[in-house]
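Report on the following structure.
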Amino acid sequence: MPANQSPGLAIEVQGLQKSFKELEVLRGVDLDVAEGSIFALLGSNGAGKTTVVKILSTLLKADAGTAGVNGFDVATQPANVRESISLTGQFAAVDPILSGRENLALVARLRHLQDPGSIADDLLERFALTDAAARKVATYSGGMRRRLDIAMSLIGNPPIIFLDEPTTGLDPQGRIEVWQAVKELTDTGTTVLLTTQYLDEAEQLADRIAILHQGRIIVNGTLAELKQLLPPAKVEYVEKQPTLQDVFLALVDDGRSIGTHN
Amino acid sequence: MSTHFISDTAALTGRSLRHITRSPDTIITTVITPIAIMLLFVYVFGGAIDTGSGSYVDYMLPGILLITIASGIAYTAVRLCTDMQGGIFERFQSMPIARSGVLWAHVLTSLVANLISLVVVVLVALLIGFRSGASVTAWLAVGGILILFTLALTWIAVIPGLTAKSVEGASAFSYPLIFLPFISAAFVPTDGMPGPVRAFAEHQPVTSIVNTIRDLLAQQPVGSDIWVALAWCVGVLAVAYVLARLTYQRKIA
């Protein structure tokens, strides 16, 4: 079957349905993701975000509806879809017993690339993991693991990357590290579909945001468009208070300059 | 199907073999139970068991080797279950690789780990007096039967590895397999067992496998036992393989 992709669309989903036994998780999901954009699928726990990602990455079969990824149908052309994507799962999918470098080289080898070692070294450098390259991943911090996870997803330059809750369980610094890595992805023209339950994450990263609720997309638009759904903002003057995150980061990042006792 | 099956399986096998070289405790805990049972039977119970002529350690080593394999494959289920829970299984499944290579890598790793364990157990048996004048051909036949038995039990282990909710649950299935040799001709001749137990002992797979290996090592003619043993191994292997593949298909559908 030839690829029949609408121009400019990396992902096209129509009427996607999926049930697990009696539980209807997806009840007709429609969404389009433009090439080279960051698209956030927002929803609370159990909204079905991970189910959408699993169907798009050929790990699950939909009960009804169609899904196209990079112009390939996930049901009939799964091998082509797998060539086009990379999945970074909810639980960092890295091998804790291997070193960071070995993890990267393994993925490079599985993508049948020449010279896995130097591909690994390049990515370690790019994700500031060179110093930890030879250490077992079990010794990495949460943020380092997730960075390694994202680095593994970039091997072979797949045009589309799925990030399933990339910052769940990370501390604030880890989140910012991951956000930085995601923003850099789109510089290379990569399309990113990310799921998150954090509203600020979608706000920070996404070109477009869709809210998945009770198995359907209830809104889909840019941040500005979503904001217009509410009554116009009224202007109020409020003293700018630092958020707890600002305080935390200022203390932790610049511990020396604030004059701790060390 | 996929042209990359061999290279993908090799890459994934290299990965899981590292898990063994980096945690050799899995080999140690695999061999410790069979070695303990061997010492117990040779030095405590053995004197009271009449197996006819020949040393008792020669008599019971085949059963100990099967127990070694039964306890070794628990780790195959554990490694597979850990991959399933950790998300790396899904990463591999979403990549353009030969998907079944993921299972074969675990199976080949199981084979290597069990062969290492078997060598360790045989070395300990040699230390406590096991001797065999068997020819190279007989040893190769013993090795072949043990490999077939390992493959059969490994494909059984794949099923709990894919389906278990917890790593502990994944390994629990192996306990009955470890005890199977006790109700067989592995440690005691079946003649003295009461009727139904004897009937079970004489017709379960372990007895024919044990008798075949024992005869090969003792340079005795193997008789029809070897065909029964091979039929059991191949039969269990085929059924376990089909069930494991079905479980796997359901898991990734």
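Tell me, which residue of segment B:66-77 that is aliphatic (A, V, I, L, M) and under 8 Å from the mean Cα position of the chain (by Cα) is surrounded by the most Cβ atoms within 10 Å (Cβ to Cβ)? Step through it out loud before you land on a result.
Within segment B:66-77, the first condition is being aliphatic (A, V, I, L, M), and the residues that meet it are B:66-67, B:69-70, B:73-74, B:77.
Among the residues that remain, those that are also under 8 Å from the mean Cα position of the chain (by Cα) are: B:66-67, B:69-70, B:73.
Details: B:Leu66: 27, B:Ile67: 26, B:Ile69: 27, B:Ala70: 27, B:Ile73: 32.
Here the residue is B:Ile73.
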Scanning segment B:204-226 for residues that are without any contact (Cβ under 8 Å) to a residue 12 or more places away in the chain and either crowded, with 16+ Cβ neighbours inside 10 Å or within 19 Å of the chain's Cα centre (by Cα) (or both) gives B:Asp215, B:Val222
Screening A:Pro172, A:Pro166 for residues that are touching a strand residue (DSSP E or B) at 6+ places or on another chain (Cβ under 7 Å) and either touching a residue at least 60 places away in the same chain (Cβ under 8 Å) or within 28 Å of A:Val94 (Cβ to Cβ) (or both) leaves only A:Pro166
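For (1) more than 14 Å from chain A (Cβ to nearest Cβ); (2) in a loop (DSSP other than H, G, I, E, B); (3) in contact with a Lys or Arg (Cβ under 8 Å, 6 or more places away or on another chain), each residue gets a yes or a no:
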| position | (1), (2), (3) |
| --- | --- |
| B:Arg91 | no, no, no |
| B:Met95 | no, yes, yes |
| B:Arg99 | no, yes, no |
| B:Trp104 | no, no, no |
| B:Val121 | yes, no, no |
| B:Val124 | yes, no, no |
| B:Arg131 | yes, yes, no |
_With the structure loaded, tell me whether A:Val53 is within 30 Å of A:Ala133 (Cα to Cα) and under 18 Å from the mean Cα position of the chain (by Cα) or whether it fails that test._
yes
Hey, does segment B:230-243 have a residue that's of a type outside the set (A, V, I, L, M), surrounded by fewer than 20 Cβ atoms within 10 Å (Cβ to Cβ) and not in a helix (DSSP H, G or I)? no
- Message: Quick check on segment A:178-199. Is at least one of its residues touching a Phe, Trp or Tyr at 6+ places or on another chain (Cβ under 7 Å), closer than 29 Å to A:Gly71 by Cα and not in a strand (DSSP E or B)?
- Response: yes
When segment A:9-51 is checked residue by residue, the ones that are surrounded by fewer than 17 Cβ atoms within 10 Å (Cβ to Cβ), more than 18 Å from A:Asn70 (Cβ to Cβ) and of a type outside the set (D, E, K, R) are A:Gly15, A:Gln17, A:Ser19, A:Phe20, A:Leu23, A:Gly28, A:Ser44, A:Asn45, A:Gly46
Contact list, first residue from segment A:35-58 and within 13 Å of chain B (Cβ to nearest Cβ), second anywhere and in a loop (DSSP other than H, G, I, E, B) and among the β-branched types (Val, Ile, Thr), beta-carbon distance below 6 Å, six or more apart or interchain, is A:Thr58/A:Val74
Checked pairs for segment A:96-115, first more than 7 Å from every other protein chain (Cβ to nearest Cβ), second aromatic (Phe, Trp, Tyr) and in a helix (DSSP H, G or I), C-beta under 7 Å and 6 or more apart or across chains, list as none
So, first residue within 17 Å of B:Gln219 (Cβ to Cβ) and among the charged types (D, E, K, R) in segment B:124-139, second residue part of a helix (DSSP H, G or I) and at pLDDT below 90, Cβ within less than 9 Å, six or more apart or across chains; the pairs are B:Arg131/B:Val57; B:Arg131/B:Asp58
Exactly one of A:Val74, A:Val81, A:Val13, A:Val53 is touching a helix residue (DSSP H, G or I) at 6+ places or on another chain (Cβ under 6 Å) and at negative phi, and that residue is A:Val74
Counting only residues in segment A:82-94 that are modelled with pLDDT of 90 or more and surrounded by fewer than 24 Cβ atoms within 10 Å (Cβ to Cβ), the one farthest from the other protein chains (Cβ to nearest Cβ) is identified as A:Ser84
Those residues of segment B:31-58 that are in contact (Cβ under 8 Å) with a residue 40 or more places away in the chain and under 19 Å from the mean Cα position of the chain (by Cα) come to a total of 5
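Anything in segment A:43-84 that is part of a loop (DSSP other than H, G, I, E, B) and hydroxyl-bearing (Ser, Thr, Tyr)? List them, or say none. Working first, answer last.
Let us first name the residues in segment A:43-84 that are part of a loop (DSSP other than H, G, I, E, B), namely A:43-48, A:57-63, A:70-71, A:74-77.
Answer for segment A:43-84, where residues must be part of a loop (DSSP other than H, G, I, E, B) and hydroxyl-bearing (Ser, Thr, Tyr): A:Ser44, A:Ser57, A:Thr58, A:Thr76.
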Of (1) at pLDDT 80 or above; (2) on the phi < 0 side of the Ramachandran plot; (3) surrounded by 12 or more Cβ atoms within 10 Å (Cβ to Cβ); (4) not polar (S, T, N, Q), A:Leu244 fails just (3)
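The values are calculated or read from the model by the stated rules, or taken from the named source; none is laboratory data. Bear in mind that the values here come from a model prediction, so they are computed numbers and not experimental data. Positions of Cβ are generated from backbone atoms using ideal geometry, with glycine treated the same way; all protein chains shown enter the neighbour counts.
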